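Heads up, the thing below is written out as structure tokens.
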Amino acid sequence: MLSLIQLQTFVLCAEHGSFSAAARKLGKAQSVVSQAIANLEIDLDQVLFDRSSRSPKLTEAGVRLLAHAKAVLAQTQEMEQTARSLSLGAESEIVLSVDNALLTQTLFNVLSEFRASFKATQLEVLVLENGKIANQVKTGKAHIGLMLLDPALIIGVEQGFIGKIDFITVVHPSHPLTLLSRASRGDLSRYPQIVLTNNKDTQSEHIPLISPERISCNDFGTMAQLAAASLGWVSLPAHIAEPLIEQGLLAKLDVLLDTKTWQISVDRITQMGSPKGPALTWLIKASEQLFD
């Protein structure tokens with residue numbers, strides 16, 4: 001029967017190109033390593049190393065089976081890490097509810113680090129309209145929420161300001177507004193504005209309403225595509241608009257009323273008084289660096 005020690009020995013011999021080097025790494029005699037490889041070859045009914053030269057070289061079968069050996073060892077290590085996490089009280093699941101305006105590369109990097117640190121914890125990411133996030137957390141359907149600032153006090157959750165995201169105003173590159181060196185409020189009001197709606201089909205408080213002619217949408221990504229289709233001008237999170245600007249699909253407007261980069265605050269919310277295990281505690285702490 002195969003053993004993990006056999007597989008580890010096989011991998012070390014292949015990586016070091018020498019039975020003696022693998023023996024030194026394992027702290028064993030070379031004869032013990034040689035016998036372990038011989039036993040593994042018997043168990044697999046395959047010759048793993050060509051021993052005709054001074055340095056053993058992997059056979060074709062050895063090359064194929066080496067990948068499997070590494071995979072088994074990696075899965076074993078992951079299992080051990082998961083067991084250690086469970087023994088430390090890590091939660092079995094964390095649900096993150098987040099507005100799509102906050103899906104930045106920095107967030108994805110944090111979630112990748114989270115998965116590497118908490119193997120035992122299943123991660124679920126729910127992308128929701130901003131107005132629905134607080135209720136998801138309040139009712140326990142999500143453990144943590146990231147949302148654009150709600151000026152009203154939300155009962156039943158703990159709110160914490162964690163930073164701001166930049167917004168810029170964009171249009172299709174051929175739009176008449178791009179001919180202006182700076183666009184005033186009056187200039188903007190003459191053309192259709194693409195605006196954000198919330199879950200109650202009312203206009204979002206985050207986006208100033210300037211034009212009397214509007215196209216409503218509940219998703220920033222779709223709003224960007226509407227602007228790229230020449231349907232109007234729009235204010236978007238910079239990280240959503242900038243890739244489309246680089247592709248030549250949108251153009252940034254210099255807007256007269258923006259003396260500084262326009263920003264919207266970001267809130268992190270958790271359920272009031274809920275227990276917080278190590279995984280959630282880590283994610284809460286990490287969220288403080290997301291929107292510096």
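The values are calculated or read from the model by the stated rules, or taken from the named source; none is laboratory data. Quick caveat: nothing in here was measured; it's all calculated off a predicted structure. Note that we place each Cβ from the backbone using ideal geometry, even for glycine, and neighbour counts take in every protein chain shown. To get the accessible areas, we keep the full protein, side chains included, count just its heavy atoms, and leave off ligands, DNA and RNA. Shrake-Rupley method; radii C 1.70, N 1.55, O 1.52, S 1.80 Å.
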Would you confirm, using the coordinates I've provided, whether T121 is modelled with pLDDT of 90 or more and hydroxyl-bearing (S, T, Y)? no
Subset of segment 230-259 [among the β-branched types (V, I, T) and open to solvent by 20 Å² or more (accessible area, probe 1.4 Å)]: I240, I245, T259
Unmet criterion (only one of (1) open to solvent by less than 50 Å² (accessible area, probe 1.4 Å); (2) in a helix (DSSP H, G or I)) for L96: (2)
Determine whether K57 is in contact with a strand residue (DSSP E or B) (Cβ under 6 Å, 6 or more places away or on another chain) and either open to solvent by 70 Å² or more (accessible area, probe 1.4 Å) or not β-branched (V, I, T) (or both). yes
So F49, is it surrounded by 14 or more Cβ atoms within 10 Å (Cβ to Cβ), at pLDDT below 90 and among the aromatic types (F, W, Y): no
Every residue from segment 141-168 that is at pLDDT 90 or above, in a loop (DSSP other than H, G, I, E, B) and surrounded by fewer than 22 Cβ atoms within 10 Å (Cβ to Cβ): K141
Quick one: in segment 191-208, which of the residues that are in a strand (DSSP E or B) and at pLDDT 90 or above is farthest from A238 (Cα to Cα)? Q193
Being at pLDDT 95 or above and closer than 18 Å to H172 by Cβ narrows it down to one residue among L253, L188, L244, L236; which is it? L244
Out of V11, V33, report the one residue that is without any contact (Cβ under 8 Å) to a residue 40 or more places away in the chain and open to solvent by less than 60 Å² (accessible area, probe 1.4 Å). V33
If you scan segment 260-284, which residues turn out to be open to solvent by 20 Å² or more (accessible area, probe 1.4 Å), under 17 Å from A238 (Cβ atoms) and at pLDDT 85 or above? S265
Among the residues of segment 121-131, how many are farther than 18 Å from I284 by Cβ and over 14 Å from the mean Cα position of the chain (by Cα)? 4
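Out of A101, A134, A116, which single residue is within 13 Å of the chain's Cα centre (by Cα), farther than 12 Å from L283 by Cβ and outside any strand (DSSP E or B)?
Only one candidate qualifies: A116.
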Which one of these does N39 not meet: (1) buried (at least 19 other Cβ atoms within 10 Å of the Cβ); (2) closer than 18 Å to S3 by Cα? (1)
